[in-house]
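> Here you go, one structure.
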Amino acid sequence: MVKIPSPRRLFRSRSRSTTTSVGSADICAMVAEHEKIEWEVRPGGMLVQKRRSPEEDAAAVEYILVRVSTGWQWHDVSIDATATFGDLKVMLSLVTGLWPREQRLLYRGKERDDCEHLHMVGVQDKNKVLLMEDPAVKERKLRSTTLAQLMGVPCHSFIQV
C-alpha cells in the first residue's frame with residue numbers, strides 16, 4: 001500500500017510567506033521524489049498517478065536469483081522479487097524432489113513461514129537461503145523404511161477371509 005502525504009502537507013509552500021505558492025509541476029516533483037512514483041497533472045488540474053500499460057507492468061516485474069544451499073549442493077533459482085517463501089518451496093520441489101511441506105527454509109538464521117514475502121524479509125539478488133529437510137518428516141521416512149525391512153513385506157493384511 002502506498003502512503004500519500006496529506007493534502008495539507010502536499011499543497012503547503014516551502015517558504016513561510018503566504019504570497020508565494022508552489023506550482024503543480026513542483027508538487028508533482030515533490031511527491032515523486034518522496035514516493036518514487038510517477039505522477040501527472042490532468043487538464044482539470046488534478047494530480048494523479050501515471051497509468052501504465054499491461055506491457056509496461058509485465059516489463060516492470062523484477063526477478064532475482066536466489067542461491068539455495070542444501071548442505072552439499074547449490075541450486076540457483078530465478079524467482080519474482082515479490083514472491084513468497086511458499087512459492088520458492090514449490091520451485092525447489094521441482095529441483096530437489098522434496099515436497100514443499102517437507103522443506104524448511106532458513107534466511108539470516110531464522111526459519112521463514114510460507115506466507116512471508118521475499119522482498120519484505122530483505123532477500124535480494126544473489127542472496128543465499130538454506131534448505132533443510134524437516135526433521136520430523138525425515139524421522140518418519142527412516143521409521144517407515146526400517147519397519148518395512150523388519151517386516152519384509154510392504155503390505156500386511158489384518159483381516160483373513
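The values are calculated or read from the model by the stated rules, or taken from the named source; none is laboratory data. Just so we're clear, the structure is a prediction, and the values are computed from it rather than from any experiment. Quick reminder, even Gly has a Cβ in these numbers, built from the backbone with ideal geometry, and neighbours come from all protein chains shown. With ligands, DNA and RNA removed, areas are computed over all heavy atoms of the protein, side chains included. Shrake-Rupley method; radii C 1.70, N 1.55, O 1.52, S 1.80 Å.
> For the charge dipole of the stretch 61-146, defined by +1 on Lys and Arg C-beta atoms and -1 on Asp and Glu C-beta atoms about the Cα centroid, which residue among L130, S144, G109 has the Cα displaced farthest towards the positive pole?
Of L130, S144, G109, it is S144.
> What's the long-distance tail for the stretch 61-146, i.e. % of Cα pairs beyond 16 Å?
50 percent
> Send over a whole-number figure in Å² for the accessible area per residue of the stretch 61-146, probe 1.4 Å.
Values: 5480 Å² over 86 residues.
Normalised by residue count, the accessible surface of the stretch 61-146 is 64 Å².
> Let me check against my output: what whole-number percent is the relative contact order of the stretch 47-116, with C-alpha pairs under 8 Å and at least 6 apart?
Numbers: 62 pairs, mean separation 15.5, N = 70.
Relative contact order, the stretch 47-116: 22 percent.
> Solvent-accessible area of K110, probe 1.4 Å, all protein chains present, reported in Å² to the nearest ten, please.
Here the residue's solvent-accessible area equals roughly 120 Å².
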